[in-house]
Amino acid sequence: MRYRRPLTIILCLASLGTASGVAGAAECADSGLVATAANAAQVNDATLCLLNQERATAGTTPLTAEPRLAQISLEYAAQMAAKDFFAHVSPSGQTLRDRFAAASYDFLHAGENLAQATSSIATPARIVEAWMASPGHRQNILDPNFRKVGMGYAIGAATTMFVNEFGTPPAARAAVRTHSTRTTSTRRHRRAARARKASVRHRQGVLVRVVARPRR
C-alpha cells in the first residue's frame, strides 16, 4: 500500500484577494454557497462537481463519492473544529493512516486535503480555487491513482474546517491485472509489466508531499 503524507492549506480573505473562483464554477450548482450546518449535501455535491471539472480538464477520470471516506472526513473536520487545531496529525497523535484503519478502509492509495476558511469565503468555489493554486493540493486533486473521495466540513468558533479524503480500494488492483491479461501481444504485455514495476519503484520513492505551516 502506498501512503501519501497529506497536505495543508489555510484560506483567508487577504490571501485569496478578489478572485472569483475556479474556472467553470458557474456550471456547478451551489458552488458559491457558503457552508452551513444545514446545507452540507449541496456544498459537498458542488465540491465534487468542481473537483471533477478540474479532472476532466486534465483528462483524468472522475472521482466518485465514497460514504466511508465522507464519514472519515466529517469526523476529522468536527474534531479539528471542536479542539481548535488545524493539522493532519491530531493532538492525540492520530494520523491519516490511523483514521483509515479505524474506519476499516483498506486502500492502495490515499491522500488528504485540508482547508480552513472564514465564513464569508467558506464556499466550494473558493476552497477548490485555493487547492488548485497549491501545487501539492492540485496534485492530489488531479492524481489519476485516486478513484474515490469523501468530503466533510465542520463549523468552528471562527472558521470552517474542510476535509477531503482521497482513496483507491484494493479492488482497483485486480481491475488493472484483469485488463493486462487481455493484452494479446506478448511484447506489449512485457512492456506493461516493466512499466508497472517502474511505477511501483517510483511511488515508493515519493512518500511525502507536505505543505507545512511555519513554526512559531
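Taken together, the values in this text are just the output of simple stated rules run on the coordinates, not laboratory data. None of these values were measured; they are calculated from a predicted model. So basically every Cβ, Gly included, is an ideal-geometry build from the backbone, and we count neighbours across all protein chains shown.
For the peptides 133-146, 91-104, the ranking by packing is 133-146, 91-104, with the highest mean count of neighbouring Cβ atoms within 10 Å listed first. At full extension, Glu75 and Asn39 could sit 11.3 nm farther apart than now, given 0.36 nm per residue minus the alpha carbon distance. So what's the net charge close to Leu63: Lys and Arg +1, Asp and Glu -1, counting the other residues with Cβ under 15 Å from its Cβ? Within the 15 Å Cβ shell, the charges total -1. Cys28 sits among other residues whose Cβ lies under 14 Å from its own Cβ, and their net charge, with Lys and Arg +1 and Asp and Glu -1, is -3. Electrostatic bookkeeping for Ile72 treats Lys and Arg as +1 and Asp and Glu as -1; over the other residues with beta carbon under 14 Å from its beta carbon, the sum is -2.
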